[in-house]
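These notes are about the structure you will find just below.
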C-alpha cells in the first residue's frame, strides 16, 4: 500500500508523493484533450489500451488518484472515489444510485447527518425511505415493505455497522441477501454500508456482499483531526457512476486533503491497533464502575450473547469506539463530560486524541425522541472515541470525571 500507485521517477525522483497544487493540466495535443472529454462526459467508453491524461482538478488530480489507488487495497475493492467530506460521499452515492419514485430501506440507527438526509432531504426529490430494526427477519422486512409501499422499486439497502452511536452491529450478509431478494430484472437493489466506526482494518464489508462501502475519511483513515474527506469503494462499474456525479457536483477531494490522507494511510494500521488495545482496557474498567449503567463495546460481547458469532465473523477487533450509559439523568451525563480534562469534549471520532460527546443532544439531536428511545440513544448515553494517549492517563481522567457524578 505504501508505494502503490506512485512512480518517483515521474516526479523528479521524490520519495514521497509531491503536492500537486494546480487547478488545470496541460494536454500534449488537441486530440488528447478531445479524447479525455469524450470519456469524461460519457460520450463513449474508455478503450482498454487508452491512457487518458489529467485535465482539471474538479474532475481528477494526482493526489486524489494515488490516494484512491491505495485506499482501495484495504477494502479489496475494484475502485474508489474520494470526496470533500463523508456526507459528500454518502449523498452523492445515494443520489446517483437511487431514483425518483424509488425507495431506500435503511437500518434504524444511523449517523445523524445521514438520517436527516434520507428522511428530510430525499423526499424533496420524490425518494422515499423505510427503516428496519437490526434484528428483523428478511420476511418481516419484505412484508412490511409490501404493506407500506407495495411494488415500488427498492434502489438501495443502506446500513451502518457498527452503528453510530450505539455500537449495534448488523448482519451484512443478511442485508446483502435482502437487496438480492428485492432486486428485479429491471432494477437491482444495491447494498451500501457506512464502515466508518471500524474502518477497513477491522472490517471488510465487500467480503460479505456489500456493493458500496462508505467512509467519513475524516475519522480513522485521516486520523489526525486535520482533514475533512469521504470515500466510496466498490465495483468499478458502480464507482464509475458515482464518479460521474462527482464531476458535476464538484465535490472531489482537494489535492492538499488527498496529500494529507496519503500521509495518514501509512500509519493507519498501527494507529488503529494501539487505539483498540487501549479501548479494551478502558471498557473493562468502565464495565465494573458503579456509576456506569451499561457499556457497549464489541470486545466485551460474551460468548453467550447471540451476537457473538456475528461479531467474530465480521470483525477482527472490538475497535476503539465505546458507548457508555452514565447512571442518572442528563445532568449527570453532562457532569461527566464537563469534568473530563485529557479527553476533549468534541464531536467527530477516530483521531489521535480521545474525544467524548453526547449524541442525544449533539450529533443526533435531529432524531425524534421516540426513535432515539427505541434505538437506545438516551440522555445517559455518552460516546467515547479512544485515541493514542496512555491508557492509565485516560482511565485516571475518566475516574476523576465520574467522581463528580451524583
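Nothing in this text is a laboratory measurement; each read-out follows from the coordinates by a stated rule. Since the model is a prediction, treat every value here as computed from it, not as a measurement. Counting neighbours? That spans all protein chains shown, and the Cβs are built from the backbone with ideal geometry, glycine included.
Condition first: part of a loop (DSSP other than H, G, I, E, B) and over 30 Å from residue 254 (Cα atoms). Now tell me which residues in the range 179-225 satisfy that.
Answer for the range 179-225, where residues must be part of a loop (DSSP other than H, G, I, E, B) and over 30 Å from residue 254 (Cα atoms): 182, 183, 184, 185, 186, 187, 188, 189, 209.
The set of residues in the range 130-159 that are under 15 Å from residue 371 (Cα atoms) and surrounded by fewer than 18 Cβ atoms within 10 Å (Cβ to Cβ) comprises 130, 133. So is residue 49 farther than 21 Å from residue 244 by Cβ, under 28 Å from the mean Cα position of the chain (by Cα), without any contact (Cβ under 8 Å) to a residue 12 or more places away in the chain and assigned to a loop (DSSP other than H, G, I, E, B) or not? It is false that residue 49 is farther than 21 Å from residue 244 by Cβ, under 28 Å from the mean Cα position of the chain (by Cα), without any contact (Cβ under 8 Å) to a residue 12 or more places away in the chain and assigned to a loop (DSSP other than H, G, I, E, B). Tally the residues that are in contact (Cβ under 8 Å) with a residue 40 or more places away in the chain and either touching a helix residue (DSSP H, G or I) at 6+ places or on another chain (Cβ under 8 Å) or under 14 Å from residue 218 (Cβ atoms) (or both), restricting the search to the range 358-389. Number of matching residues: 19. Residue count for the range 132-148, restricted to those that are under 16 Å from residue 102 (Cβ atoms) and either in contact with a strand residue (DSSP E or B) (Cβ under 9 Å, 6 or more places away or on another chain) or touching a residue at least 60 places away in the same chain (Cβ under 8 Å) (or both): 2.
Looking only at the range 228-265, count how many residues are in a helix (DSSP H, G or I) and farther than 15 Å from residue 93 by Cα. Qualifying residue count, the range 228-265: 11.
Selection of the range 149-177 for residues being part of a helix (DSSP H, G or I) and either out of contact with any strand residue (DSSP E or B) (no Cβ under 6 Å at 6 or more places or on another chain) or closer than 25 Å to residue 195 by Cβ (or both) yields 172, 173, 174, 175, 176, 177. Counting only residues that are on the phi > 0 side of the Ramachandran plot and touching a strand residue (DSSP E or B) at 6+ places or on another chain (Cβ under 9 Å), the range 188-233 holds 3 of them.
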